[in-house]
Amino acid sequence: MLRVLGPKTLQRKHRHCLHSVEITLIFAAYHTLEARLKSARTIVLIAAGLLVAACVSTQAVRLGNAPIRPPVAPDKINIYLTPDRVPGRYDEVALLSSKGDAGFTSESKMYDSMRKKAGELGANGIILQNVEEPGTGAKVFHALIGTSADRKGKALAIFLLPDSSAKKP
């Protein structure tokens, strides 16, 4: 036979049980909230990892004693395929080295990253040196076990001198 106790009887006779149930419920709610927060943190970390993987990073090493110039907007920076295509004299500003996951980036994103970095250094042009694609083996390992398969590029950031009509020797 099942006996239903009223709230006052339950409170008097089973006070220690209620306290135990309260603690258990609070503990369960805490762990549920903690699990949700861990899940949310995991999702945020995965999303951040994907964003980082999708980005192209460009490093720069300043060259010589070229003067420090004000920044230039990335859309004002010209890209040249070879030094002989530069229409005048120029100062060499920095060596640029870019890399990004080949599955998430394109050459266009790599060039945009180079333009941004060159602009920060006061350059108004870039002479491309080379772009390397990852090999087939690197792409296969990337797909199977998640190793790096980076696209890499190198360039020379330059400042095309405004008063020059003759090319730099």
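Values for this structure:
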read-out: Check on Ala102, of a type in the set (A, V, I, L, M, F, W, C), at pLDDT 80 or above and surrounded by 14 or more Cβ atoms within 10 Å (Cβ to Cβ); value: no
read-out: Any chance Ala155 is modelled with pLDDT of 60 or more and not β-branched (Val, Ile, Thr); value: yes
read-out: Neighbours by Cβ (under 6 Å, 6+ apart or cross-chain): first from region 70-82, in contact (Cβ under 8 Å) with a residue 12 or more places away in the chain; second in a loop (DSSP other than H, G, I, E, B) and among the aliphatic types (A, V, I, L, M); value: Tyr80/Val86
read-out: Selected residue (criterion: farthest from Glu133 (Cα to Cα)) from residues of region 53-93 that are aliphatic (A, V, I, L, M) and either within 22 Å of the chain's Cα centre (by Cα) or exposed (fewer than 12 other Cβ atoms within 10 Å of the Cβ) (or both); value: Ile68
read-out: Per-region count, region 122-148, residues crowded, with 20+ Cβ neighbours inside 10 Å and either modelled with pLDDT under 75 or of a type in the set (A, V, I, L, M) (or both); value: 3
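The values are calculated or read from the model by the stated rules, or taken from the named source; none is laboratory data. In this text the structure is predicted, and so the values were computed from the model without any measurement. Here the Cβ is made from the backbone with ideal geometry for all residues, glycine too, and neighbour counts use every protein chain on show.
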